[in-house]
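Read the figures in this text as sums done on the coordinates, not as results from a lab. Values in this document were obtained by computation on a predicted structure and should not be read as measured data. Counting neighbours? That spans all protein chains shown, and the Cβs are built from the backbone with ideal geometry, glycine included.
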Amino acid sequence: MPELPRNAWILLGGAGLSALGTGMTLPFLLVYLSQVRGIEMGLAGLAVSTVALAGFVGNPLGGWLADRTGPRNALAAGLVAAAAGAFAVAGVDEAWHGFGAAAVVGLGAAICWPAQDALLSTVVRPDQRSSVFAVRHAAVNAGFGMGGVVAAALVQVSSPGTFELLYVVDGLSFLAFVPILFAMRVG
């Protein structure tokens, strides 16, 4: 493990936590929308693709917000938006709800990436940047993987509440990091 400042580890922990929540939900979104909520498979697939499509707006928006309001504020905005989307997914009843909720999740998550990268680059020395970004990607991948394994053990298509709980936990995984983010002392 590389030697990194405390603030870098805090940010990396937040990235891992959010990835854990996303790993619990994103792989199951199509199953949830189609088999649990009864949305026709084609529409459910299009709703799932909305997560990625929203990234085309969210990534540049996240960079723009980081430049205009600071990376911490932009990251917090992305985390709150992603949480709102995850909470909305838990309550999906119709196809249009799925599209809207997926778009908000995707937009918020996509805002987070450039904002978090900008913030990470400010809390480490230039010679530590490759290490911090390597650990970031490892933490995110580990979170996605562990989240999928945890969720696979918990969800049941016959029990909508198991899916709803996961989407609420996902939303909380985004929100949990916001107060820690603002408690950090960043240059």
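Charge dipole (Cα centre; +1 on Lys/Arg Cβ, -1 on Asp/Glu Cβ; no other charges) of the chain amounts to roughly 580 debye. Taking the dipole about the Cα centre of the chain, with the C-beta of Lys and Arg at +1 and of Asp and Glu at -1, give me whichever of 89, 36, 108 is farthest to the positive side. The residue sitting farthest along the positive end of the dipole is 108. Between the helical axis of 160-175 and the longest alpha-carbon principal axis of the chain there is an angle of about 20 degrees. Remark on segment 76-187: hydrodynamic radius 15.5 angstrom, per the Kirkwood mean of 1/r across alpha carbon pairs. Taking 7 Å steps out from each Cα toward its Cβ at residue 52 and residue 125 produces label points 4.1 nm apart. Rounded to the nearest 10 degrees, what's the angle between the helix 129-154 long axis and the longest principal axis of the chain, both from Cα atoms, 0 to 90? Result, in degrees: 20. Couplings for segment 6-18, taken from phi via the Karplus curve 6.51 cos²θ - 1.76 cosθ + 1.60 with θ = phi - 60°, read 3, 4, 5, 5, 5, 4, 5, x, x, 5, x, 4, 4 Hz in order; Gly and Pro are left as x.
The value of relative contact order for the chain, using C-alpha pairs under 8 Å at least six residues apart, is 39 percent.
Working from the Cα coordinates of segment 75-127, the gyration tensor eigenvalues give, after taking √(5λ), semi-axes of 30, 8, 6 Å in decreasing order.
Between the residues 140, 169, 51, the greatest Cα displacement towards the positive end of the dipole of the chain, with unit charges on the Cβ of Lys, Arg, Asp and Glu, is found for 140.
A Stokes-Einstein calculation at 10 °C with viscosity 1.306 mPa s, built on the Kirkwood radius of the chain over Cα pairs, returns a diffusion coefficient of 96 µm²/s.
Backbone geometry of segment 76-89 corresponds, through the Karplus equation with coefficients 6.51, -1.76 and 1.60 at θ = phi - 60°, to 3J(HN,Hα) couplings of 4, 4, x, 4, 5, 5, 4, 4, 4, x, 5, 4, 5, 4 Hz, x marking Gly and Pro. Segment residue 67..residue 152, full-extension length gain: 26.7 nm, with 0.36 nm per residue of separation and the alpha-carbon distance subtracted. Distance between the modelled labels on residue 96 and residue 3, one decimal in nanometres: 5.9 nm (7 Å Cα→Cβ projection).
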